[in-house]
Amino acid sequence: MTNDDCGPVDDSVLYGQANHISTTIWNRELREKLTIRQSTSNLGQWRLNDYQVHLLQQWGFGKFVNPKSVMQNDVCLITAVVERWRPETNTFHFTFGEMTVTLEDVYMLMGLPVVGEPIKVDDEIPGKKTWFLRWHDPALTDEERKSALDRGGVKLNFLREKYGTCPSSTDRDMMVIYMRAYVLYLCGAILFPTKSNNAVHPRLILYLEDSNKIYGYAWGAAVLAYLYRNLKEASRKDVKSISGCTTVLMLWSRERLRPGQPLIAAHTRMIWPRALAWAVALVSAGRSKYYNIHHNIDAYRGMFDNFYLEWLRWRPYERFYRRDDEHFERALIAGIARVPLHYFEDVEYQLPERVPRQFNMPFCILPYPPTNMRDLRTARGMSELCLHEMPPVFHDSILPTFVRGYDEFMLETFGPTYERPDFKNVPPKRKARRTMESTSQPFESEYFKEYEAYQ
């Protein structure tokens, strides 16, 4: 039976097709380039001294030591990739299958900590009053505090003008305040940009108060949760802009997909985080912007519609795991854990069982998502994921190896402060049935050598 309309015949999984951007594209009403809400142009005006650099690395934001390393967004690439995002599964739907951005990607690309205390909502947070009550800078006058606030929060230009350059005579306690202002600016400009494009939410100040605890928060998980939520909004046909850390999205595409991938110097192969390597990549502009794919959204759409498998890299970070480094191993485990991602009241989930090939695992077709994602986005516990609905390959390999291992690791690290997921709905481990269908997957038999050759 043919499908004359856009979208699936059975909408039990992709139930939001009517409002998805692909419906508009199917009707030949192509959307213009998205407006990116990130504010990267003024980041180079910040000047950091050696002690500030030390603090930034200690807090887990070492990628931003050099403000000029933050690249401008490839707007056409981001627009084309967003058109393939499906919020029902939190994955990109390509012609070759599904892929998604995971905690592993966030850590490998940006170097942000992905394991730690969640950044989630607290009923005692007083909103904008946080700026007056919890920003401890004795040098600020009452008038300056009032002028720093906007409808969207603390103004980014105020933070940049007030704390952009730390005087050489400043003591170290004051340098810490200057550094908190820089991290707060990064949150509003790069990591958690809002639609106002010039403000940062003052609630983030609460997580910058104690400099000894900043690294202990899962900033990378919050970035991913916020990106998921904004991808959900940007994939709607009536939306023309996108917030969230689109830098992660662009770098994720460059690491894994060939379209729009610029030439990169050979000596940058082992540079981590990968954002620093791509910051020095050389891009040939060609004769004009019309011959350069970085300015041609139709070229991106055409390449994604006619995708070659040799353009794909399932495991772009494999070389880093040859090192004896627990941080990389921790990122891999976090990337494949089915855990909630918190950013204040926003709750999102990464579903690694939908993209097992990103973790060098055999491909398996899932019957359907474990439950409606609209219900999951208001849940707080892992038991809501209904793990008993997963196929045997998930219970035999993914669940005991990674999810339970991640849970034990978190419990050992954070002790009683860690809220353990509820596994009471998980059946006992079963032995996988080896059938002809399960042992002759195209991924293992035909395509794997091509992926290795490309890598």
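A compact table of results
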item	result
Residue in segment 223-235 that is among the polar types (S, T, N, Q), open to solvent by 10 Å² or more (accessible area, probe 1.4 Å), at pLDDT 95 or above and not in a loop (DSSP other than H, G, I, E, B) present	yes
Given (1) at pLDDT 85 or above; (2) closer than 21 Å to residue 34 by Cβ; (3) of a type outside the set (Val, Ile, Thr), index of the condition residue 290 fails	(1)
Hey, residue 105 assigned to a helix (DSSP H, G or I) and at pLDDT 95 or above or not	yes
Among residues of segment 340-354, those that are of a type in the set (Val, Ile, Thr) and surrounded by 22 or more Cβ atoms within 10 Å (Cβ to Cβ), counted	0
Residue in segment 3-18 that is touching a strand residue (DSSP E or B) at 6+ places or on another chain (Cβ under 7 Å) and of a type in the set (Ser, Thr, Tyr) present	no
Qualifying residue in segment 8-15 (condition: closer than 26 Å to residue 373 by Cβ, outside any loop (DSSP other than H, G, I, E, B) and open to solvent by 40 Å² or more (accessible area, probe 1.4 Å))	no
The one condition in (1) touching a helix residue (DSSP H, G or I) at 6+ places or on another chain (Cβ under 7 Å); (2) modelled with pLDDT of 85 or more that residue 366 fails to fulfil	(2)
Any chance residue 217 is open to solvent by 10 Å² or more (accessible area, probe 1.4 Å) and aromatic (Phe, Trp, Tyr)	yes
Within segment 244-269, tally of residues that are small (Gly, Ala, Ser) and either closer than 20 Å to residue 95 by Cα or crowded, with 18+ Cβ neighbours inside 10 Å (or both)	3
Filter result for the condition that a residue is small (Gly, Ala, Ser), surrounded by fewer than 17 Cβ atoms within 10 Å (Cβ to Cβ) and under 28 Å from residue 374 (Cβ atoms), over 241, 211	241
Some residue of segment 30-41 being within 15 Å of residue 160 (Cα to Cα), part of a helix (DSSP H, G or I) and open to solvent by less than 20 Å² (accessible area, probe 1.4 Å)	no
Output for segment 130-175, where each listed residue is under 15 Å from residue 209 (Cβ atoms), open to solvent by 30 Å² or more (accessible area, probe 1.4 Å) and in contact with a helix residue (DSSP H, G or I) (Cβ under 8 Å, 6 or more places away or on another chain)	132, 134, 136
Residue list for segment 236-246, restricted to those being aliphatic (A, V, I, L, M) and outside any loop (DSSP other than H, G, I, E, B)	242
Scan of segment 132-165 for residues that are part of a helix (DSSP H, G or I) and under 27 Å from the mean Cα position of the chain (by Cα), ordered by number	156, 157, 159, 160
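The values are calculated or read from the model by the stated rules, or taken from the named source; none is laboratory data. The shown structure was predicted, so the numbers you read here are calculated from the model rather than taken from an experiment. Cβ: placed from backbone, ideal geometry, glycine included. Neighbour counts: every protein chain shown. Remember, those area values only see protein heavy atoms, side chains included, never the ligands or the DNA or RNA. Shrake-Rupley method; radii C 1.70, N 1.55, O 1.52, S 1.80 Å.
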